[in-house]
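Working notes, beginning with the structure itself.
Bear in mind that the values in this text are calculations on the coordinates, not laboratory data. Quick caveat: nothing in here was measured; it's all calculated off a predicted structure. Don't worry about glycine lacking a Cβ; one is built from the backbone with ideal geometry, like all the others, and counts go over all protein chains shown.
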Amino acid sequence: MTEIRTNWTKEEIAVIYHSPLLDLVYRAATIHRENKDYSEVQISSLLSIKTGGCPEDCSYCPQAARYHTDLEVQALMSVEQVTDAAKNAKNAGASRLCMGAAWREVRDNRDFDKVIEMVSSVNALDMEVCCTLGMLTESQAQRLADAGLYAYNHNLDTSEEDYKRIITTRTYDDRLNTIDNVRKAKLTVCSGGIIGLGESVEDRISMLKTLSTMSKHPESVPVNALVPVKGTPLADQPRVSVWEMVRMIATARIIMPKTVVRLSAGRTEMSMTDQAFCFMAGANSIFAGDKLLTTPNPSFNEDMQMFELLGLKPREAFKNGRPSKESVAV
Ligand code: SAM
Ligand code: DTB
Ligand code: SF4
């Protein structure tokens, strides 16, 4: 078994990232096969439970109130609506539902009480429940855990050095602090980033270093390609090439061998061959369903055809135990 290291240096990560592409993919694929059932892919379904009107200034995000995007703002959904959506996602083959809210942070109010009910009700369907609600205190993380939450998503998005260029309304330390609070509540951590924001390769390596030197690696690392949205400051960013996605995924796989690496936003622009390369490089999770939070995603049917063609199979829920057990793996 591959050793799990939390002392990676930027230099070591850079050597891996810049190695000849096919060597990189071969090494990542080898590690993937040693550590995981490489044909199993976790399917998460995303649901935007509260859309738009966010006070933050994340320059990639269509949901920030200050940018003029064509987004329809929607108040918090009802518990019934969320439960119905979760049943549909489960029937379509998703083992995890990730509920996203366009909030800066969670507040201890009636809306949070409602989210707690949503978590219990989706958990009762035997699905892994994930939330991404912005910043959290330790006691809020604990309340979510008590309600049956499995994972909390909180992305670093880019490097610490590059953060202020992308977001000014919060700091990198705010982000790391929430991730700590999530860990203290014994939830699993889902944290990754976006490529194509105009960052340098050094920024990508720096973000990978932050993730891979956490005292425990995140159980999932989403790798998003920027979906440029009209009205946001990053609307005119060129799309990243698939080879950059492959390099990010393969490097993440090599330095965090047990982590679920999610090929996240940006799949509508990728061919099946492109995606096959990402799976070869160690990606073992996707977001499935026609929509991410607010932007399009390939349909379930297309994805199932791709799985069939590539010989991949959806991973069942709670394969590594429930969070109430002491040692939850990924
Ligand atoms: N408001 C919460 C927060 O920021 O943590 C949760 C929702 S937020 C939309 C979740 C993540 O979506 C962001 O951290 C970012 O990584 C990703 N995201 C948002 N807009 C994106 C875009 N246009 N392209 C790719 N990823 C995006
Ligand atoms: C993650 O890393 N990517 C997802 C999820 N975590 C919450 C969100 C992608 C959002 C893409 C833009 C949108 O659809 O609004
Ligand atoms: Fe708000 Fe999250 Fe979008 Fe930032 S990424 S504007 S915090 S919804």
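In table form, for the structure just shown:
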quantity	calculated
Dmax and Rg, reported as Rg then Dmax, of region 209-330 (C-alpha, Å)	15.4, 46
Alpha-carbon Debye profile of region 38-153, log10 I(q)/I(0) at 0.21 Å⁻¹	-1.17
Kirkwood-type radius of region 185-244, with distances r between different C-alpha atoms, in Å	13.0 Å
Cα pair distances of region 127-173 binned at 5 Å [whole percent]	5, 18, 25, 17, 15, 12, 7, 1
Candidates per GluC sites (Glu not before Pro) in region 31-105, loop by DSSP, up to 10 other Cβ within 10 Å	GLU72
Region 86-219, relative contact order [Cα under 8 Å, separation at least 6], %	23 percent
Pairs of Cα atoms farther than 11 Å apart, region 59-102, %	73 percent
Ordering of 138-148, 283-293 by burial proxy (mean other Cβ atoms within 10 Å per residue, highest first)	283-293, 138-148
Helical contribution to [θ] at 222 nm, DSSP H n ≥ 4, -39,500 (n - 2.57), averaged over the chain, rounded to 500	-11000 deg cm²/dmol
Unpaired by the 4.7 Å Cβ criterion, cysteines found in the chain	CYS54, CYS131, CYS190, CYS278
Rg ratio (alpha-carbon, reference 2.2 N^0.38 Å) - region 10-314	0.93
Among beta bridges that DSSP assigns inside region 10-314, antiparallel share in %, nearest 5	5 percent
